[in-house]
Amino acid sequence: KIRADHEKALEEAKEKLKKSRDEIQAEIQTEKNKVVQELKKKDSKPLPPVPLPNLIGINSGEPADLDIREKRNKIKEMMKHAWDNYRQYGWGHNELKPIARKGHSTNIFGNSQMGATIVDALDTLYIMGLHDEFREGQEWIDKNLDFSVNSEVSVFEVNIRFIGGLLAAYYLSGQEVFKIKAVQLAGKLLPAFNTPTGIPWAMVNLKSGVGRNWGWASAGSSILAEFGTLHMEFVHLSYLTGDPVYYNKVMHIRKLLQKMDRPNGLYPNYLNPRTGRWGQHHTSVGGLGDSFYEYLLKAWLMSDKMDTEARKMYDDAIEAIEKHLIRKSNGGLTFIGEWKNGHLERKMGHLTCFAGGMFALGADGSRDDKAGHYLQLGAEIAHTCHESYDRTTLKLGPEAFKFDGGVEAVAVRQNEKYYILRPEVIETYWYMWRFTHDPKYRQWGWEATQAIDKYCRVSGGFSGVKDVYSSSPTYDDVQQSFFLAETLKYLYLLFSNDDLLPLDNWVFNTEAHPLPVLH
């Protein structure tokens, strides 16, 4: 039999070699096309029909008060300005350079045009009632959003912006294309989990599935806020596909973290995916740590408060943070410092300001009847972050601010004086408004709106500024996708009634994409 097979193979080879080069190439092309078609079939097996969760409050929220309505309309106009300019000068690119009036991209999206601003902005357009713009975005996604590109992307950023954005757009609009694209993309992220520990790499090549970590991260480590900020989206993916693989990946990460020893009860920001050991013992509620804690709380909320394990992990973490990182300055400002090499650095980042909203969101259901305490803590953080805005020339907050000696809530280093249209302070104002209805939060939100419109608006969109303490700031010439996804959405919600995306029914991912509670 072996000899016969051998003879047959030789005959086929001889036949092949008689053909002209062009004929052979045509045959190869035909074979290739066949393989591609087969893969496509495999890729697009129809998703099981799942009941849509009961979606409440997706297009209401019109305030009765005329003044509030005018402010809300102003924010909608700013969104339209940002979108129209992106549409005109950056369409299909990840972001816009509003002054150079051309597309912009950063390494988190790899080297391909993936229309990040379109995907990130969809749900904001939808809740603002900008339905023509929404349809333009949907059409682009349907025709052009392709994930089989040879491009190395950030697993975390693509998850929160793309998968989060597509899922939210699907839940709000019911358009299947968003669900299909989200599932396709999720499949491209799964190879990142092929590590000895199951802790994913920071980056993955969408075509080859090869993963690696950021060169700058502690000894080849993965980052807590990156591998710890997948839970919400992956649980929804398992819900929509009926495939437990996504759920299992994130639960595996949780189980691994639960088993690990934590210095002072704090989670370090770095973990090595090869060895399963912590990297440097840095702990932060700002960049590198922030959304890990947020997703513990939100996993519990999204499960309709059934996932008590997540709630316990959140409560334990928050207790350690309060004990070791939260301090009051001499001037009476409550701030959250960073733990570095055994001591507390008295510096707080703009990113850390989201925590005020998190404490308020987690107040209900906290241990030992401490709900009032955590709402108060949220209010104190909101106040501190407002001070960081108020103590600048532009009334916009710096990237990071110190609490040393006589200097409080002010940036000291030149490279920390920039404002890049970030949402975290406004996010906290919105949560505090929802839980207290104290009018100062709307007042503070309006101050920020006016400052953004005055100092960040240019004729080609909105740009970040390099120095919030300078009366004639220079622009960084980037309109970040999160400005449309988060900053403008939180402002719009701050000036809407509470029946628009009520928090009992919706949980916002860390890029402000609302996902329904799964009862």
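The values are calculated or read from the model by the stated rules, or taken from the named source; none is laboratory data. Predicted model only: the values in this text are computed from it and were never measured. Note that we place each Cβ from the backbone using ideal geometry, even for glycine, and neighbour counts take in every protein chain shown. All accessible areas refer to the heavy atoms of the entire protein, side chains included, with ligands and DNA or RNA removed. Shrake-Rupley method; radii C 1.70, N 1.55, O 1.52, S 1.80 Å.
Some observations on this one:
- Element breakdown for the chain at a 1.4 angstrom probe: carbon and sulfur atoms account for 51% of the accessible area.
- Computed from the alpha carbon positions, the gyration tensor of region 405-519 leads to an equivalent ellipsoid with semi-axes of 28, 17, 14 Å, biggest first.
- Protection proxy ranking, peptides 318-331, 270-283, average beta carbon neighbours within 10 Å, highest first: 270-283, 318-331
- Dipole of the chain, positive direction: furthest Cα of G187, L518, N213, with charges on the beta-carbon: N213
- Size of electric dipole in region 379-519: Cβ of Lys, Arg +1 and of Asp, Glu -1, about Cα centre, debye, nearest 20: 340
- Once the convex hull of all Cα atoms in region 290-405 is built, its volume per residue stands at 112 Å³.
- Normalised by residue number, the volume inside the convex hull of the Cα atoms of region 243-352 is 118 Å³ per residue.
- Once backbone amide H atoms are built at 1.01 Å from N, V210 has N205 as its partners under 5 Å, excluding neighbours fewer than 5 places away on the same chain.
- Eigen-decomposition of the gyration tensor built on the alpha-carbon atoms of region 80-130 gives equivalent ellipsoid semi-axes of 19, 14, 7 angstrom, largest listed first.
- Of the Cα atoms belonging to region 296-354, the radius of gyration and Dmax stand at 14.2, 41 Å.
- Computed from Cα atoms, the angle from the helix 308-324 axis to the main principal axis of the chain rounds to 50 degrees.
- Solvent-accessible area per residue for region 70-128 (1.4 angstrom probe, square angstrom): 35
- Value of D in µm² per second that Stokes-Einstein yields for region 124-242, Kirkwood Rh from Cα pairs, at 20 °C (1.002 mPa s): 141
- Nearest 10 degrees, 0 to 90: helix 21-43 Cα axis against the chain principal axis: 50
- Pairs of alpha carbons in region 339-435 separated by more than 22 Å make up 33% of all such pairs.
- For region 41-159, fraction of C-alpha pairs farther apart than 23 Å, in %: 46
- Global form of region 381-456, assessed from the alpha-carbon gyration tensor, a/c cut-off 1.5: oblate
- For the chain, cysteines whose Cβ has no other cysteine Cβ within reach (under 4.7 Å): C456
- Binned Cα-Cα distance frequencies in region 1-109 - 5 Å width, integer %: 2, 8, 7, 7, 7, 8, 12, 10, 7, 6, 6, 5, 5, 4, 3, 2, 2, 0
- Count, lysine Cα pairs under 19 Å in region 359-474, 8 or more residues apart or across chains: 9
- Legend: residue pairs K188/K255; K76/K102; K71/K489; K74/K97; K181/K298; K32/K181, Cα-Cα distance threshold 18 Å; pairs beyond threshold, K188/K255; K76/K102; K74/K97; K181/K298; K32/K181.
- Per-peptide average of other Cβ atoms within 10 Å, ordering 472-483, 224-235 highest first: 224-235, 472-483
- In the chain, taking the dipole from charged Cβ atoms about the Cα centre, the farthest positive-side position among I199, Y89, T275 is held by T275.
- Ratio Rg/Rh [Cα only; Rh per Kirkwood] for the chain: 1.02
- Cα centroid separation, region 168-233 to region 373-398: 33 Å.
- Degrees, to the nearest 10: 245-259 long Cα axis against longest axis of the chain: 50
- The charge dipole of the chain, taken about its Cα centre with unit charges on the Cβ atoms of Lys, Arg (+1), Asp and Glu (-1) only, comes to about 1360 debye.
- Annotation for region 67-103 versus region 10-36: alpha-carbon center distance of 52 Å.
- The string of couplings for region 62-73 from the Karplus curve (6.51, -1.76, 1.60, θ = phi - 60°) is 5, x, 6, 5, 4, 4, 5, 5, 5, 5, 4, 5 Hz, one whole number per residue in order, with x for Gly and Pro.
- Between amide H atoms placed 1.01 Å from N, distances below 5 Å from R274 occur with no residue 5 or more places distant or on a separate chain.
- Per-residue SASA entry for R72, accessible area with 1.4 Å probe, Å² rounded to 10: 10
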